[in-house]
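One structure is given below, encoded as structure tokens.
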Amino acid sequence: MGSPKVPRAKSKPKVGNGPAPHKAPKKNYFSTLMETPEGRELRRQWSTKKRKNPGRPRGVPDGYRKHEIDPIREKIQKEAEKVVKIMSEKYGVEDEYAKEALTTAVEVMRVPGETRERLAAARLVLDFTKQKPVAKSEVAVAKAEDFLASLLVEDDNGPETQSGS
């Protein structure tokens, strides 16, 4: 049938080169830097150096920049002072500290920001201005008890009238 198969050509084996260069262990710049005292000092200086632009300033809500939120805050602060003046006349708040706290709470409630903070401020404003509805729940309980008692009375009278018919 045919001649015997000729083996395929192979490259010569590598001798003494060690592992493949792409498999060599990676050397991280910072880990080699930390091996010497000079490198450790340099790394310490970099770590403690103040950043030029460290991010959003404290107190600025997400989605705003400082120059955008400042005019909004000034406008809301003026509105809050007017609102507190009206509330102090209507509800009889005389204490200056209470007025200041109320002004801050109204301001926090109106400025865009964290929902949790705004809800806490709203709760504080309601505590200052509105009374808790304690009496209403007592009346509701009394009405519910009367309702249940009337059902029992009707139930007691009900079978007699039904059997008599």
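Rule-based calculations on the coordinates, nothing more; no lab input. The shown structure was predicted, so the numbers you read here are calculated from the model rather than taken from an experiment. We place every Cβ from the backbone using ideal geometry, glycine too, and count neighbours over all the protein chains shown.
Key figures for this structure:
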read-out: Pair residue 145, residue 98: separation of 7 Å Cα→Cβ label points (nm); value: 3.4 nm
read-out: Cα→Cβ-extended label distance, 7 Å offset, between residue 73 and residue 117, nm; value: 0.9 nm
read-out: Trypsin sites (Lys or Arg not before Pro) restricted to DSSP loop in segment 33-85 with at most 12 other C-beta within 10 Å; value: 49, 50, 51, 52, 58, 65
read-out: Pairwise FRET efficiency - residue 86 versus residue 43, Cβ, R0 = 41 Å, nearest 0.05; value: 0.10
read-out: FRET efficiency estimate (nearest 0.05) - Cβ-Cβ, residue 51 to residue 23, R0 35 angstrom; value: 0.40
read-out: Label point 7 Å beyond Cα of residue 62 along Cβ direction - residues of segment 78-121 with amide nitrogen under 12 Å; value: 113-116
read-out: Summed side-chain charge close to residue 95 - residues other than residue 95 whose Cβ falls under 15 Å, Lys, Arg +1, Asp, Glu -1; value: -3
